[in-house]
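Here it is: the structure, laid out below.
The values are calculated or read from the model by the stated rules, or taken from the named source; none is laboratory data. Small disclaimer: the values here were computed from a predicted structure and weren't measured. Cβ placement follows ideal geometry from the backbone for every residue including glycine, while neighbour counts extend to all protein chains displayed.
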């Protein structure tokens, strides 16, 4: 809803003002609330960075375990998150379809809270194993359900912009461990992190409604209307058109079944598009950049300490994440995603060139000491422009409610499976191709994702879920 009014200035000039009330309604409040959960989840991605040095320490004032962890224990602490995420992604959509999006999100927050408290008071490595696994369950579920919730509480005009806000809070979660973890004890660090899911639980219970799509799917039009009235901050009479659109969208696919996603061409196409985009997200090189962060900075000739360098990297990753919201709002999803892929490809290629020169003749690489750092900063900016969040947004928008439990589980599981592959086989890859060849490989993947997006990904800006389904079926 828009409110228009005029302001008369002193020189009798009249200024027309048009105010979009949704930007100040419970829709944005709900999105910001659920973004706290997104932040809680992505903290787990970089949580190990400041934690590992302490767990490897012989200083008992830093290491609560009393003795350094072994490389095998290191590997389990790192990999159990991905294992939990793959498992957590599978039933998330089905649970959300049974008990609602809101209740599912509340349940997702509890393992995060338990995990951080367990880390804070852990005296043996098995509590860290336990925490990483149950955090993984929540991360996998959260990545499946959070974009779904955001898409279903947003209006057609603001859906892309609200979805593009999620990468900001994901990268905020990446930044927090870099910013505070190195400078405080494990206990204090994790108690601070526990405040994130705890705050989410309070705010989300009190302020955020269930989505109108879920209520319509369950045949409760009255509650759907109440949800929309709250989300849009407008009278009941003014949400009837949107109620009819939601009923039409849900009604078209009310008899959805597991095999529909494989049998129906439009749903099969949506699944293929979403899965390939998610592969592009993971094989873009983001994990490679994180893995080689310190070697890249060391090779550049900088004397910045590793903890300060990590803080700087995390801060830039967070700051650059704001670009996506504005770009998607103005340009839709395709153009920012293509630009993101091309920029990321150039960054990966330039990193590969530096390491090729460095590995063959260190002296020749010295004049290029600036190249790794510049490539890293450019990569962060371009990755956040589109690759960070748009694949998740597309995966939440291309499917009707009838198959969203299946689709969200498949897309999220693909993400964490690819993440596991990269984590597990990255050293083997660099041993086979060298660092230069590995970065060039990721650059090539970015180019392929750009071409794929240009040719096959539909633009969904300003489209209703019903119109998106018509596009997938080839109807104008």
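Give just the number: which of (1) at pLDDT below 80; (2) in contact with a helix residue (DSSP H, G or I) (Cβ under 6 Å, 6 or more places away or on another chain); (3) part of a helix (DSSP H, G or I) does residue 427 not satisfy?
Just one mismatch for residue 427, condition (2).
Out of 49, 79, 40, which single residue is outside any loop (DSSP other than H, G, I, E, B), in contact (Cβ under 8 Å) with a residue 40 or more places away in the chain and surrounded by fewer than 20 Cβ atoms within 10 Å (Cβ to Cβ)?
Result: 79 is the single residue among 49, 79, 40 that is outside any loop (DSSP other than H, G, I, E, B), in contact (Cβ under 8 Å) with a residue 40 or more places away in the chain and surrounded by fewer than 20 Cβ atoms within 10 Å (Cβ to Cβ).
Something else: Kindly indicate whether residue 129 is farther than 24 Å from residue 318 by Cβ and either crowded, with 22+ Cβ neighbours inside 10 Å or touching a helix residue (DSSP H, G or I) at 6+ places or on another chain (Cβ under 7 Å) (or both).
Yes, satisfied.
Do we have any residue at all in segment 54-61 that's outside any loop (DSSP other than H, G, I, E, B), surrounded by 20 or more Cβ atoms within 10 Å (Cβ to Cβ) and at pLDDT 85 or above?
yes
Filter segment 196-227 down to the residues that are part of a loop (DSSP other than H, G, I, E, B) and either over 30 Å from residue 116 (Cα atoms) or out of contact with any helix residue (DSSP H, G or I) (no Cβ under 8 Å at 6 or more places or on another chain) (or both) and list them by number.
Matches in segment 196-227: 218, 219, 220.
While we're here: In segment 113-135, is there at least one residue being more than 27 Å from residue 332 (Cα to Cα) and under 18 Å from the mean Cα position of the chain (by Cα)?
Yes: one or more hits.
For segment 340-350, state whether one or more residues are surrounded by fewer than 19 Cβ atoms within 10 Å (Cβ to Cβ), within 26 Å of the chain's Cα centre (by Cα) and without any contact (Cβ under 8 Å) to a residue 24 or more places away in the chain.
So far as segment 340-350 goes, no, none of its residues is surrounded by fewer than 19 Cβ atoms within 10 Å (Cβ to Cβ), within 26 Å of the chain's Cα centre (by Cα) and without any contact (Cβ under 8 Å) to a residue 24 or more places away in the chain.
Please pick out the residue among 403, 394 that is more than 18 Å from residue 280 (Cβ to Cβ) and modelled with pLDDT under 85.
Checking each option against the conditions leaves just 403.
Moving on. Given (1) under 21 Å from the mean Cα position of the chain (by Cα); (2) surrounded by fewer than 21 Cβ atoms within 10 Å (Cβ to Cβ); (3) closer than 30 Å to residue 385 by Cβ, identify the lone condition not met by residue 182.
Here residue 182 clears every test but (1).
Moving on to the next point. Here are some residues: 445, 413. Which one is closer than 30 Å to residue 145 by Cα and at pLDDT 90 or above?
After applying the criteria, what remains is 445.
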